[in-house]
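Please treat every number below as a calculation from the coordinates, not as lab data. No experiment lies behind these values; they were computed from the predicted model shown. Because the Cβ atoms are built from the backbone with ideal geometry, glycine has one as well, and the counts that use them run over all protein chains shown.
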Amino acid sequence: MTATAVDTASTTGRSADLPRTPREKSRARRDARSAWTLLGPSLIILGVMIGYPAVIMVVQSFTDYTVKNKVLGTPANFVWFENYIALFSESDFPAVLMRSLGLMVVLTVLNMLVGTLVAILMTRLSRAWRITVSVGLLLAWAMPALTATVVWGWIFDTQYGVVNWVLNTITGTSDWTNHSWLLNPWSFYLVLTIIVVWQSVPFVAFTTYAALGQVPGEVLEAASLDGATGVKRFYLVVFPYLRSVLTVVLVLQIIWNLRIFTQVYALQSRGGIAAETNVLGTYLFRQGVGEFGATSAIGVVMVILLLALSWGYVRTTLKEEEL
Amino acid sequence: MSTNVSTQLGTIGVDDVLGEVGDTKTPKRRSIEARRPSAKKVATRTLLNIAAAIVFFCSIFPVYWMVNMSFTPNKAIISRTPSFLPLNSTLNNYITAWNREAAPGQTDFPHALLATVIVTVGVLVVTLLFAFLASVAVARFHFRGRRGFIIAVLIVQMIPGEAMMFTIYGMIDDWRLMNTLLGLGIVYTSTVIAFTIWTLRGFVAGVPAELEEAAMIDGCTKSQAFWRVTFPLLAPGLVATSIFAFIQCWNEFLMALLLMKGYNLTLMPWLNAFQSTSVSGAVNWGAVMAGSTLIAVPVMIFFLIVQGRMSGGLVAGAVKG
């Protein structure tokens, strides 16, 4: 291991610098070739399964393509923005969109808040309690969304649900017998929120907890020696360490909560009124296969919305990437 | 009772066992008297432990209720007074869930399980292989188009698959892959691969290239150095990402609902068909709970085994530049 050898190796390895000698140039070419070979399989699957349908979707959203065209093999007409205009003027879509956005905000705020609080709580617990809490959270997290909704739907069941029984017992009345939680859109959303928060908090809590563990103890100690109080310490010392993780979690929460499908769909089939409780995903699904042009327009709006919401994350990540 | 326990724990634990964050002490405070907790400290500890108990209870109750119901005879399930313990427990619900068709003409549990396992394993193998190669390319090579590829991967993570559900449906239909495990597997692979590339990239980048260079100086070729030095260090990353891919495939509902029919259903659409009332009118709730338990328990056991690596891995993947 001579110093010169190490030096050569690291210069050739660091090819961010422009290659100068012909040898380095050919090496860079070879590197690029191997890199693209390694990327090949992933590029193919991403291109065919994401890129291609995305293009198709945009094109179709400007046509009146239906299942009839597909079966008969007749070409569809180009209708420009007609699908979009109809979507925003003649359908329930604007209401669904607002509902989805509102639900997303509520769910995201609750998930982040409760999740962070649980994470902080976990740092203050004794080992035994921490493990106990972790196991509970893990079980909630691990439950598949559909299974969770089925179980919660049963807990809130109109006739035999334990919630109605508990409320009856607490109030000492029989007011809650046969109370239907899913019929009214507001209590439908209440149940939905409980399910989603129950399932999402563990992810936020564990991720934040892991990030809290990365805060160096010496820095905290130094801060408390300098007389920083608990709240101040959290704000000035801990939070900067958490920021990047919390940003990622926040963006993921926004995306997941806006894309939510399974829980809403399953609750609707347990007695919710679909027309009054649809969110973007279930609305699109309930349009059904057939009107490819019209449904494509909904898809395009959804994609644009999500890209707009997550663009900040993409930019931040890229900036950190530059190094 | 829980207060009692927590106070006890509080007195034992106070100084050393406590959380690492926000609980720093200066060395001079670590004198002998400081080891005896003040009344205020005990009160805080008790409150914290009560909060922990509440969090634990809230997260565990639905899981408990599902398992409880799955062992409860149907007559007791549809009673106005819920039974909190499966006192006269029965295995009948499990037998029904295992044997009965989800609905007339729909698959039974064993076939749905088999279908799900096949799809999940297939997707895991293909995704890990493809994503691993791609992540090495992104983390270890500098080439024109690298930035473009990274942007593409990031954007794909943000694009909702469900927005394109009918376009993908049309494609799968055109390729005559409708209602096949291959078609479903291809769709799943495309939804997990971007995230997997991104996470694995973090792990590959986390292994210093100098280690490989040192091995090369010691006489390895570049690929030997990679396989002997870097690859073994990537094991945790591969485990973490495969867990995420596994969970996604196991739990996915929408595309499976859209693409699969009759005897080819995977577990989630099986459960959906099994609990929908439309066909016969009466739902066997005990069996639904038993089926739910059968679906959820493998994932839960898996989670409990690998938990430490998972969130750590996610943070590493998401944050490591």
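Tabulated results
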| read-out | value |
| --- | --- |
| Förster-model FRET efficiency, 25 Å R0, A:Val289 and A:Trp311, C-beta, rounded to 0.05 | 0.20 |
| Segment B:93-140 - Debye-derived log10 I(q)/I(0), Cα point model, q = 0.20, 0.23 Å⁻¹ | -0.71, -0.81 |
| Segment A:234-310: Cα Rg divided by the 2.2 N^0.38 Å rule of thumb | 1.49 |
| For segment A:265-323 and segment A:134-148, distance of Cα centres in Å | 24 |
| Extreme residue, positive dipole direction of segment A:103-259, given options A:Asn184, A:Leu246, A:Val114 (C-beta unit charges) | A:Leu246 |
| Exposure proxy order (Cβ contacts within 10 Å, fewest to most) of A:Trp256, B:Trp227, B:Trp285 | B:Trp227, A:Trp256, B:Trp285 |
| Relative contact order (%) - criterion: Cα under 8 Å, at least six apart; region: chain A | 27 |
| Label-point separation in nm, B:Trp175 to A:Arg243, each point 7 Å along Cα→Cβ | 4.3 |
| Two-site label geometry, B:Thr44 and A:Asp175: point separation in nm, points 7 Å out along Cα→Cβ | 4.1 |
| Protection-proxy order for peptides B:242-252, B:72-82, each taking the mean of Cβ atoms within 10 Å per residue, highest first | B:242-252, B:72-82 |
| Segment A:212-251 and segment B:214-267: distance between their alpha carbon centers, rounded to Å | 33 |
| Gap separating the Cα centres of segment B:98-120 and segment A:104-124, nearest whole Å | 37 |
| Residues whose placed amide H lies under 5 Å from that of A:Thr63, excluding near-sequence neighbours | A:Val79 |
| Given charges at beta-carbon only (K, R positive; D, E negative), |dipole| of segment A:47-187 in Debye | 640 |
| Percent of alpha-carbon pairs separated by more than 48 Å within the protein assembly as shown | 21 |
| Positive dipole terminus of the protein assembly as shown, leading residue within A:Thr207, A:Val289, A:Gly217 (C-beta point charges) | A:Gly217 |
| Along each principal axis, Cα extent of chain A, largest first, Å | 85, 72, 29 |
| Whole-number Å³ per residue for the convex hull built on Cα positions in segment A:71-193 | 230 |
| Inter-site label distance for A:Asn184 and A:Val67 at 7 Å from Cα along Cβ, in nm | 3.8 |
| 10 Å Cβ neighbours from other chains, averaged over peptide B:141-153 | 5 |
| Extension reserve of the A:Ala275-A:Arg30 stretch, reckoned as 0.36 nm per residue once the Cα distance is removed | 82.4 nm |
| Ranking of B:Met178, B:Met158 by count of other Cβ atoms within 10 Å, fewest first | B:Met178, B:Met158 |
| Footprinting exposure proxy for B:Trp270, B:Trp175, A:Trp181, A:Trp186 (fewest neighbouring C-beta atoms within 10 Å first) | A:Trp186, B:Trp175, A:Trp181, B:Trp270 |
| Under 15 Å, Cβ to Cβ, from A:Ala205 - net charge with Lys/Arg +1 and Asp/Glu -1 | +2 |
| With 10 Å bins from 0: P(r) over segment B:101-277, alpha-carbon pairs, percent | 9, 31, 29, 17, 10, 3, 0 |
| Residue (of A:Thr37, B:Val207, A:Ile260) at the positive-pole extreme of the protein assembly as shown, dipole from beta-carbon charges | B:Val207 |
| Per-residue average of Cβ from other chains inside 10 Å of B:185-194 | 3 |
| B:Asp108 long-range amide H proximity, modeled H, under 5 Å | B:Ala102 |
| Rounded FRET efficiency, nearest 0.05, which uses the C-beta distance separating A:Thr74 from A:Thr193 and R0 of 60 Å | 0.85 |
| Local electrostatic count at B:Gln275 - Lys and Arg +1, Asp and Glu -1, tallied over other residues with Cβ under 13 Å | +1 |
| Highest to lowest packing among B:117-126, A:140-149, scored as the average C-beta count within 10 Å | A:140-149, B:117-126 |
| Förster radius 22 Å - calculated FRET efficiency between A:Val48 and B:Arg147 (Cβ-Cβ, nearest 0.05) | 0.50 |
| Computed magnitude of the charge dipole of segment B:101-277 (debye, nearest 20; Cβ of K, R +1, Cβ of D, E -1) | 480 |
| Counted charge near B:Thr107, where neighbours are those whose Cβ lies closer than 14 Å (Asp, Glu -1; Lys, Arg +1) | 0 |
| Additional length obtainable on full extension of the chain from B:Trp227 to B:Asn92, 0.36 nm per residue less Cα span | 43.4 nm |
